[in-house]
Amino acid sequence: MELIELILVLATVVGVADGNTILIKDDADRPMTVKLACINTPKTTSQQSNLAATQKLKQLLPPQVPVVIRSTEKLNNGRTIGEVFVDNRSINLLLVQEGNAVVDRDSLYNCYETRTQYLIGEANAKNQRLGLWQQSNKKMNQSKTSTLRGKLIYEEIPPVMSARAYEGNEFFLITNSPKQNRLVLRPSVQVSRSQLRTLNNKEVEITAVYVEGTRPSPTKTACPIEFNGQCIPQGEGYQVLSIVQLK
């Protein structure tokens with residue numbers, strides 16, 4: 001990672017890739033991909049919220065609109081991380097204030113002078129349940145205990161570097177529902193990894209609680225990268241609280 005401090009890029013918008021990534025051309029007509037610094041649109045929110053964030057960014061940054069990019073970092077993949085300004089107003093900060101994005105604390109150092117504004121903007125949006133913060137109640141419901149039935153499958157994690165090795169996914173439940181969903185299971189204090197292994201290929205009934213994954217910073221951790229330049233989540237799945245083999 002190469003640090004680039006206070007470099008201003010005059011550009012025009014070409015398009016919007018997602019809720020925090022845009023495509024531009026600089027004043028020399030060179031194409032650039034810019035990830036908005038200091039913010040994130042988490043994958044843990046609903047698809048509707050992610051779509052709303054992308055649509056909002058498209059409204060704020062339609063094609064051909066002139067922008068100023070305060071470039072703060074350039075990643076090894078050629079992407080630039082920066083703060084986008086239109087008429088001297090930070091689009092990054094506006095997305096947070098309206099609840100269309102959250103503060104990315106891993107990269108908040110890129111907005112050191114205005115970091116307090118970002119944190120206050122996020123707190124106000126959360127308090128008013130704006131945008132993606134409307135999903136808070138749904139997330140609370142997700143954390144409730146569920147009872148599930150199906151076949152437990154154990155798949156050894158490959159020793160080589162791979163997406164599955166990074167995610168640590170080795171236990172799965174093929175549910176008895178018509179769609180036969182494949183759910184990732186996680187051991188817990190109550191049910192150990194060895195207990196889960198002994199029930200491989202067995203029909204079981206479990207009680208479990210859904211846990212969200214964490215997303216490390218790609219600048220600090222070697223990780224598989226999604227199309228938007230972020231690490232894929234780790235640790236997502238159903239944490240098993242109890243398990244019984246069915247006859």
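The values are calculated or read from the model by the stated rules, or taken from the named source; none is laboratory data. Everything numeric here is computed off the predicted structure, so don't read it as measured data. Note: ideal-geometry Cβ built from the backbone for every residue, glycine included; neighbour counts use all protein chains shown.
Some notes on this structure:
- Taking each residue of the stretch 189-201 that is within 14 Å of Leu241 (Cβ to Cβ) and looking for partners that are of a type outside the set (Lys, Arg) with beta-carbon atoms closer than 6 Å, six or more apart or interchain, yields Gln190/Leu241; Val191/Val240; Val191/Ile243; Leu196/Phe171; Leu196/Pro187.
- Residues (of a type outside the set (D, E, K, R), in a loop (DSSP other than H, G, I, E, B) and exposed (fewer than 12 other Cβ atoms within 10 Å of the Cβ)) located in the stretch 151-165: Pro158, Pro159, Val160, Met161, Ser162
- Enumeration of residues in the stretch 166-190 that are within 25 Å of the chain's Cα centre (by Cα), modelled with pLDDT of 85 or more and in a loop (DSSP other than H, G, I, E, B): Asn169, Glu170, Asn181, Pro187, Ser188
- Residue within the stretch 45-57 that is outside any strand (DSSP E or B), under 13 Å from Gly99 (Cα atoms), modelled with pLDDT of 80 or more and among the charged types (D, E, K, R) present: yes
- Residues being part of a loop (DSSP other than H, G, I, E, B) and modelled with pLDDT under 90 - total across the stretch 191-242: 21
- Summed over the stretch 153-170, residues that are within 21 Å of Ser192 (Cβ to Cβ) and either touching a residue at least 60 places away in the same chain (Cβ under 8 Å) or in contact with a His (Cβ under 9 Å, 6 or more places away or on another chain) (or both) total 3.
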